[in-house]
Amino acid sequence: MALLITHKCINCDMCEPECPNQAISMGDEIYQIDSDRCTECVGHYDKPTCQSVCPIDNTIIVDALHTETNEQLWDKFVLLHHAAQL
Ligand code: SF4
Ligand code: SF4
């Protein structure tokens, strides 16, 4: 599952530079996560690092509209990593 930033976000800028997949960017009002780039940090960290650094509890949650298996997340990681090397 990709993750989702809710409106509890206070735009503190902590998560964006920590994402290993450049999946986080500033949206119209708050930061947003590109579900095509979010691997839940699979391939990089044991748990989602954006959730770890976010100072507001339950601001970054799982995106129920983008459910993926662990295998699919690994496939996404490989594709992103491979594309970065082209
Ligand atoms: S879970 Fe990881 S890959 Fe997904 S947005 Fe957060 S830091 Fe980026
Ligand atoms: S760390 Fe949390 S509060 Fe800060 S910009 Fe990211 S989602 Fe928003």
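The values are calculated or read from the model by the stated rules, or taken from the named source; none is laboratory data. Keep in mind it's a predicted model, so treat the numbers as computed, not measured. All Cβ positions, even for glycine, are placed from backbone atoms using ideal geometry, and neighbour counts span all protein chains on display. Heads up: the accessible areas ignore ligands, DNA and RNA and are worked out on the full protein's heavy atoms, side chains in. Shrake-Rupley method; radii C 1.70, N 1.55, O 1.52, S 1.80 Å.
Alpha carbon centre of the range 41-73 versus the range 12-29: separation in Å? Comparing the Cα centres of the range 41-73 and the range 12-29, I get a distance of 13 Å.
Computed over neighbours whose Cβ is under 12 Å from that of Glu68, the net charge equals -4, Lys and Arg +1, Asp and Glu -1. Given R0 = 25 Å, the distance between the Cβ atoms of His66 and Met14 translates into a calculated FRET efficiency of 0.65. For the chain, give the percent of accessible area contributed by carbon and sulfur heavy atoms, probe 1.4 Å, rounded to a whole number. In the chain, the share of accessible area belonging to carbon and sulfur is 52 percent. When the surface is traced with a 1.4 Å probe over the full set of protein chains, Glu68 keeps roughly 50 Å² accessible.
Using only the alpha carbons of the range 1-73, what is the convex hull's orientation-averaged projected area in square nanometres? List each step's numbers first, then the result.
On the way: hull surface 17.8 nm².
Mean orientational projected area (the range 1-73, Cα hull): 4.5 nm².
Zone of Trp74 (label point 7 Å along Cα→Cβ, backbone N under 17 Å): which residues in the range 26-44? Of the residues in the range 26-44, 39-44 have backbone N under 17 Å from the label point off Trp74.
Quick one: order Thr49, Thr39 from most to least accessible surface, probe 1.4 Å.
On the way: Thr49 20, Thr39 0 Å².
The residues order as Thr49, Thr39, largest area first.
Heavy-atom accessible surface of His66, to the nearest 10 Å², is about 70 Å², with a 1.4 Å probe and all protein chains retained. Surface analysis of the chain yields an accessible area of 66 Å² per residue, using protein heavy atoms and a 1.4 Å probe.
Maximal additional length on extending the Ile30-Thr6 stretch stands at 7.8 nm, based on 0.36 nm per residue less the C-alpha distance. Relative to the longest principal axis of the Cα atoms of the chain, the long axis of helix 70-85 lies at roughly 80 degrees.
Dipole magnitude for the chain: about 100 debye, using +1 per Lys or Arg Cβ and -1 per Asp or Glu Cβ, origin at the Cα centre.
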